[in-house]
Amino acid sequence: MLLLVEGASAEETVATLVAKARSGEGAECAAAIDRLGLLRAEEAIEPLKSALASADIEVRRAAIRALGRFGAERSKVERRRHR
């Protein structure tokens with residue numbers, strides 16, 4: 001799966017994916033949400049939370065997965081701190 005938009009900076013890629021995620025429905029929206037979760041871009045958290053209210057079940061599922069990736073990463077960091 002391509003995470004970055006060809007020829008774009010990381011910031012431009014995240015902005016493009018956030019715009020697609022905000023479209024609210026469809027496979028393209030769900031795919032953008034999945035990519036945002038893989039990238040773990042902090043600026044994507046609010047749009048991902050908004051996607052939880054989508055009428056499209058696949059978009060909601062993608063948002064849950066994506067937000068879970070943020071939580072999983074934070075848990076790893078916390079575990080490392082306590083060692």
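The values are calculated or read from the model by the stated rules, or taken from the named source; none is laboratory data. This one's a predicted model, so the numbers in the text were calculated from it and none came from an experiment. With ideal geometry, Cβ positions are generated from the backbone for all residues, glycine too; neighbour counts draw on all protein chains shown.
What to note about this one:
- Any chance residue 37 is on the phi > 0 side of the Ramachandran plot and either modelled with pLDDT under 95 or out of contact with any strand residue (DSSP E or B) (no Cβ under 7 Å at 6 or more places or on another chain) (or both): no
- When region 51-61 is filtered for residues that are out of contact with any Cys (no Cβ under 8 Å at 6 or more places or on another chain) and either over 15 Å from residue 22 (Cα atoms) or outside any loop (DSSP other than H, G, I, E, B) (or both), the ones remaining, listed by number, are 57, 58, 60, 61.
- Every residue from region 15-52 that is in contact (Cβ under 8 Å) with a residue 24 or more places away in the chain and of a type in the set (Gly, Ala, Ser): 21, 24, 26, 27, 30, 31, 37, 41, 44, 50, 51
- Residue under evaluation residue 30, criteria (1) modelled with pLDDT of 95 or more; (2) surrounded by fewer than 14 Cβ atoms within 10 Å (Cβ to Cβ); (3) of a type in the set (Gly, Ala, Ser), criterion not met: (2)
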